[in-house]
Amino acid sequence: MEKPSEVRERILKYATLLFHKQGYQATGINQVIAEANVAKASLYQHFASKEALCLAYLNRRHTCWMQALREYLGQDASEDKVILRAFDFITHMNQQEDYRGCAFINISSETPSLSNGAILEVIQNHKNDLRHLLNQLASQDPAGFTVPETGDQLYTLYEGALIASKIFRSDWPVQQAKQVVRHLQSSTLN
């Protein structure tokens, strides 16, 4: 007999796969139930609603994504390249996830009626954590960036590269963003 935590994990696993692959709106609760091979009562025992399942998905995604980004940044300790490496992470994720884009932006665009409560709060928390990390990297850069101004500019550039790379299914937006970062670094050092 499975433990409740195992059932919960299986439900969350299949919801994650489906939300990420087909989108939140296109994924019905009955499909999650069928894919996870659980009874409807089991799903609702662990998640009170589809929104609750979405919140669990986003919270899990946040934890995994931020951890993966930090590990990726840790592969290059060079302070002058760490910001560029953060942009390289977009390319890395694009290759792993076939240009699926940002789960948080995807959910936000699919759930305008839900994005004024708990879902929006989780999305904003994720984006604020990313913004904070980029501000932290900017403050450590040898170019001597002004924080939060430059960090916020890097964040905006990062989001733009992330969205455009999904739209064009190409990494050229990431490369263009890196060129802007290099320009900022060189103009600040001079």
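Worth pointing out:
- Matching residues, the stretch 123-157, being hydroxyl-bearing (Ser, Thr, Tyr), more than 27 Å from Ser109 (Cβ to Cβ) and loosely packed, with under 15 Cβ neighbours inside 10 Å: Ser139, Thr146
- All of Ile29, Ile90 fail the test of being more than 16 Å from Glu9 (Cβ to Cβ) and surrounded by fewer than 18 Cβ atoms within 10 Å (Cβ to Cβ), apart from Ile29.
- Some residue of the stretch 18-29 being within 17 Å of the chain's Cα centre (by Cα) and outside any helix (DSSP H, G or I): yes
- Candidates Ala103, Ala68, Ala48, Ala39, filtered to the one that is without any contact (Cβ under 8 Å) to a residue 60 or more places away in the chain, of a type in the set (Gly, Ala, Ser) and within 23 Å of Gly151 (Cα to Cα): Ala68
- Pair list, Cβ under 6 Å, 6 or more apart: the stretch 10-27 residue of a type in the set (Gly, Ala, Ser), other residue assigned to a helix (DSSP H, G or I) and buried (at least 19 other Cβ atoms within 10 Å of the Cβ): Ala15/Val32; Ala15/Leu53; Ala15/Tyr57
- Hits in the stretch 72-87 - residues which are touching a residue at least 40 places away in the same chain (Cβ under 8 Å) and either in contact with a Ser or Thr (Cβ under 7 Å, 6 or more places away or on another chain) or open to solvent by 50 Å² or more (accessible area, probe 1.4 Å) (or both): Glu79, Asp80
- Flag if Lys178 is charged (D, E, K, R), surrounded by 20 or more Cβ atoms within 10 Å (Cβ to Cβ) and assigned to a helix (DSSP H, G or I): yes
The values are calculated or read from the model by the stated rules, or taken from the named source; none is laboratory data. Nothing here was measured: the structure is a model prediction, and the numbers come from that model. All Cβ positions, even for glycine, are placed from backbone atoms using ideal geometry, and neighbour counts span all protein chains on display. What goes into the accessible areas is simple: the full protein's heavy atoms, side chains included, and nothing from ligands, DNA or RNA. Shrake-Rupley method; radii C 1.70, N 1.55, O 1.52, S 1.80 Å.
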